[in-house]
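Data first, discussion second: the structure below is written as structure tokens.
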Amino acid sequence: MLVPLDNTTVPTHTTPRPTTAPPTTAPRTPVCSPKPYDPAKPIDLSCSPGVTAAQQARAEQLIRDTLRDLPHYANTGTAFAEGYRSIGDSITGDEHYVKWAYLSDGRILDSKHPESLVYEMRNGRKTLVAAMYMLELGSTFADVPDVGGALTQWHVHRDLCLTDDPEQKIILRFTASDGSCPSGTSQASNTPMLHVWTVPNPCGPFASLEFGGQFPEGETRSCDHRNASVP
């Protein structure tokens, strides 16, 4: 500090201290890490865009119920004894057994009474890998319940010709270009259906099969990469 001759005080010049910004109180956006679907672990379908908490909870519960009840049908003999019949599609690698009476029993999404069972064909062995829930005959996409929102994509198979046996309908061929089927067969209905896989799936727990099937207007087959896992 300089002291003038007349003894007046001259202010001291110092470097101002940097100001510190007050701590922010704004909430941080949580980082969500999807967990691959693993039936052997607790079911967690979080991190799914556009899916509400209620939709997630319903979807997770349907998986838990299916995992609990489907092993009852691990043996195809049990399925046959209880009225399930193959639709003859084992050549695809996934064979569907259907109990047609269940499509008009007033129950939907009932894990104790699934309309269809899916067995994987590998090395001459059949392994139960999924349930396929179907709505009542005569239903359309307009009747589909909101199970899991974007997580659960329903589909139909209206391009198939099935034999007319009321207990065991066999896929005979695809429909002609005009949608017709040969005598003794009928075109498959527009009944919506939904798979629930009890094994890891590369497109998530509700994936439809890679081949065939039709989806709601404007949609294509979805593949849930967030909840996907490799078998």
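Every read-out reported here was derived from the displayed coordinates using simple, explicitly stated rules and does not represent laboratory data. All of these numbers come straight from a predicted model, not from anything done at the bench. All Cβ positions, even for glycine, are placed from backbone atoms using ideal geometry, and neighbour counts span all protein chains on display.
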- [ ] Please give the helix 53-69 orientation as an angle from the longest Cα principal axis of the chain, in degrees from 0 to 90, rounded to the nearest 10.
- [x] 40
Task: Summed side-chain charge close to Y97 - residues other than Y97 whose Cβ falls under 13 Å, Lys, Arg +1, Asp, Glu -1 - done: -3
Task: Order of L151, L103 - criterion: other Cβ atoms within 10 Å of each residue's Cβ, fewest first - done: L103, L151
Open item on the list: Would the stretch 74-197 count as rounded, prolate or oblate if I go by the C-alpha gyration tensor, calling it rounded below 1.5 in a/c and otherwise prolate when a/b exceeds b/c, oblate otherwise?
Closed with: rounded
- [ ] Check the straight Cα-Cα distances from K99 and name the lysines below 17 Å, setting aside those fewer than 8 residues away within the same chain.
- [x] K112, K169
Task: Charge dipole (debye, nearest 20) of the chain; +1 at Cβ of Lys and Arg, -1 at Cβ of Asp and Glu - done: 780
- [ ] Report the extension gain between N123 and E167 in nm, rounded to one decimal, defined as 0.36 nm multiplied by the number of residues separating them, less their alpha carbon distance.
- [x] 13.0 nm
TODO: Treat each spin label as a single point 7 Å out from the Cα along the C-beta direction, and report the S104 to F80 distance in nm.
DONE: 2.6
Task: Label-to-label distance, nm, for residues given as S90 and C32 (7 Å Cα→Cβ offset) - done: 4.3
- [ ] Pop out the ³J(HN,Hα) list for the stretch 118-127 in order, Karplus 6.51 cos²θ - 1.76 cosθ + 1.60 with θ = phi - 60°, rounded to Hz; leave Gly and Pro as x.
- [x] 10, 10, 7, 9, 8, 6, x, 10, 10, 10
Task: Within the stretch 164-208, backbone nitrogen closer than 18 Å to the virtual label 7 Å beyond the Cα of C47 toward Cβ - done: 200-206
TODO: Starting from the Cα-Cα distance between K112 and D159, subtract it from 0.36 nm times their residue separation and give me the gain in nm to one decimal.
DONE: 14.0 nm
Task: Relative packing of 164-170, 195-201, which averages over residues the other C-beta atoms within 10 Å, highest first - done: 195-201, 164-170
